[in-house]
Each structure stands twice: as C-alpha cells, then as structure tokens.
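Below: one structure, written as structure tokens.
The values are calculated or read from the model by the stated rules, or taken from the named source; none is laboratory data. Everything numeric in this text was worked out from a predicted model, so none of it was measured. All Cβ positions, glycine included, derive from the backbone under ideal geometry; neighbour counts span all protein chains shown.
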Amino acid sequence: MRKKLLGALLSVAMVASMLVGCGSKAEPAAADSAAPAATEAAPAADAGSDTAEKTGAGKKVGVAMPTQSSERWINDGANMKAKLEELGYEVDLQYAEDDVQMQVSQIENMIASGVNCLVIASIDSGALVNVEEQAKAAGIPIIAYDRLLMDTDAVSYYATFDNKGVGTAIGEYIKEAKKLDEAKANGESYTIEFFMGSPDDNNAHMLYAGVMEVLQPYLDDGTLVCKSGRTSFDDTCILRWSQETAQQNMENYLTGFYADEKLDIACTAFDGFAYGCKAALEGAGYTVGEDWPLITGQDAELMATKNIISGYQTMSIYKDTRLLADKCVTMVQAVLEGKDPEINDTEQYNNNKIVVPSYLCTPVAVDQSNYKEIIVDGGYYTEEQLAE
C-alpha cells in the first residue's frame, strides 16, 4: 500500500513538473534508438513560426560538452544541436572526453572561429576562467549548461535542473521507502553508505546539501548508520563522477565494514555510481530479492531504467534532457536577439563573482511503480528499448 501511495505521489509530481518545469511537451522516442528522441523532439517554444525558424541564419553557436562516456551528455548534445539547427543556427558541438585542457582548447577554437554565443557544460569550471574572459572580451555571451561556471562574471545565464531538489528527492525517497520515522519510533536502524558527485561540479555540492537536509537527522539519532563513517561531502565525493571509483569504494566498504552485517542502502548521486555499486554487490554475493540494498541514482539512463525494472537499482531521478535543451535554446535565441530570456531563479546560484540568473527544470523520482507512466508514456524510451 505504501508503495502504491509513493507511486501516486511521484506521478502527481511528474504532472506538476510538466506544468511548471521547462514547459515543453515530450515527443515519442524512436523505437530503433537507444537514446531518447533527441532529433525528433518539438522545437523550442519560440520556434513555431517561419520568422522564428530564420532567426538563427548566419549565426553560429558553440556547444562545449564534457564527455561522451555518459549517455545523458550524448543526448544533451544531440538535443541541443538539433534544436538550434531547426532555428537556422550553425552549431559547433564538441566533446572533451573529460579532458580539461581539451575543453579549454575547444572553446578557444570556437571563439577564434567567430561563434556568436557559447553554451558550456564544464568539466572543471575553474580551468575555464581565462578562456571565458576571452569570450567576454570578444563580446560573446556565455550560457552555462547544467553545471554552473564558477569564479567568473563572463557567464550571462544558467540552464539546469533544480540540483538541490534532486538531492532532496533522493533523500525523501529513502525516507519514505524505508519508513524512517516508523523505524525511529520502533528503535530500528538501517545501514547506509554514500556516493556523492565530483567536487569540481557545483551541482554535486547542491545535491549533497539536498540529500543531507533530509537524512542528517536520521544519521544523528541512529536510525541510519553509516559504518564507514564517511558522511561528509569531502569523504563521499567522487572525482569526475567515476563509475570505477564508485565500484572500488563499494568493494572497500563491503570488505571493511559489512563482512558480518548487510548493507541496506546505497545512496548514490548518479546512475553510473549505481552501476559500480551493482558490480561490487554482485561480487560480494548479494542477491536481488533476498539481501539486495536500496540503490538510488540520477539521470534515468536506459541501463538504469532496465536495472530498475529488474530490481538491481531501486530508483533514479528522471531529468528529461529534451526539456533542458528546449530551455537553453530559447535562452540562446533570446540573447542573440537582444531580449531577456525567461528565468525563474535569481538567488541560488552564486558563482563567487556574481549571482547567475537561472532557469531550473523540475526533477522527478522514478521507480518500478511509475516508470511506465513517466518514462514510457512520456516518450523518453519505448517498451522495445527497455526490453532489449
């Protein structure tokens, strides 16, 4: 009954997110693709007329993405390029494969080639300060995409998901799924270990804050027990969002702290971490349906969704990158037309130089109870993709 109630609540949240989030309706996914329908999603909201379709003619947009090692970045880049090209923009899309200096060089080349606007999803924003200053000097506006660009006043706007909200949703899911208030009242406890994001990504800090805002009271009163003692951000962060490091950490925890007691919860901040935890748990002899722990994630990647269906991952945070791409495209279009783009946050994102005007899309928790309604019916993946 509790699970049905949770599913209902999450479904309501999804409806709300579609109404108040990025405001773009998802199109059906292509059945023969492993990724969401990137190139077939509807154009940005302002792109419906013939006039709008011509606004990008003669203008060039540079899109700098961090890596192709994660499915979500491939989808983000494809979505962005398709939507910008629909508006007539020339698009220079580059992936730096988590090589910081490569991303610096790519952006320098974009500036030299005469781009009119830059969209940057950074690997390490601290390394981009000088090249961002070059863009500013050249009069090129910069939009930070998903990851905030720190320590610069060269950034104009920021398009992202509500990153603290992602952490809050993960924490609330654990709280409800494990009935922590009831456990506290009954003097019961659960073991938990944390796998948080990269320290050079501002999103990771905000996600951690959201998680701990919900779960710290239960750690304080003993309802949640972290046997490794690693609960601070510095102790739980994983550089470059590395799946391999997450697996190594889990292997070390299981060997060092859980030889005589089972782990109940793996609170991870990324689907890739969940994959690493899965591999470590299988190696340690854990079995789905018997002693498999609750495992969280973020991005609702195709593999993660399959793992949710099979029970290897409990939940993930669904972030429809088509909607985020829509919003970023409308930002680019507004900036290049000399207009003010729509924003809905002017307080949270201080990058140590300025508070960056931002638009936050709404994340949604998905699990076995609601993935069909949210992910399949929403056109993100098809049943055929999930069955492959």
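The residues of the range 281-301 that are farther than 30 Å from residue 161 by Cα and touching a Leu at 6+ places or on another chain (Cβ under 6 Å) amount to a single one, 284. Look at the range 107-123: where a residue is modelled with pLDDT of 95 or more and a partner is basic (Lys, Arg), sitting 6+ places away or on another chain with Cβ atoms under 7 Å, you get 114/60; 115/60; 116/59; 116/60; 121/147; 122/147.
Every test in (1) β-branched (Val, Ile, Thr); (2) out of contact with any Asp or Glu (no Cβ under 8 Å at 6 or more places or on another chain); (3) modelled with pLDDT of 95 or more is passed by residue 63 save one, and that test is (2). Residues being in contact (Cβ under 8 Å) with a residue 24 or more places away in the chain and not in a loop (DSSP other than H, G, I, E, B) are represented in the range 145-152 by at least one member. Selection of the range 352-388 for residues being free of Cβ contacts under 8 Å to residues at least 60 places away in the same chain and in the same structural domain as residue 152 (by TED's automatic domain parsing) yields only 355.
Do the conditions hold for residue 178, that is, is it closer than 24 Å to residue 67 by Cα, among the basic types (Lys, Arg) and surrounded by fewer than 24 Cβ atoms within 10 Å (Cβ to Cβ)? Answer is no for this residue.
The residue list 199, 217 contains one member that is more than 14 Å from residue 264 (Cα to Cα), surrounded by fewer than 22 Cβ atoms within 10 Å (Cβ to Cβ) and either outside the structural domain of residue 280 (by TED's automatic domain parsing) or in contact with a strand residue (DSSP E or B) (Cβ under 6 Å, 6 or more places away or on another chain) (or both), which is 199. Residues of the range 273-326 being more than 30 Å from residue 63 (Cα to Cα) and among the aliphatic types (A, V, I, L, M), which ones? Residues satisfying the conditions are 279, 280, 281, 284, 288, 294, 295, 308, 309, 315.
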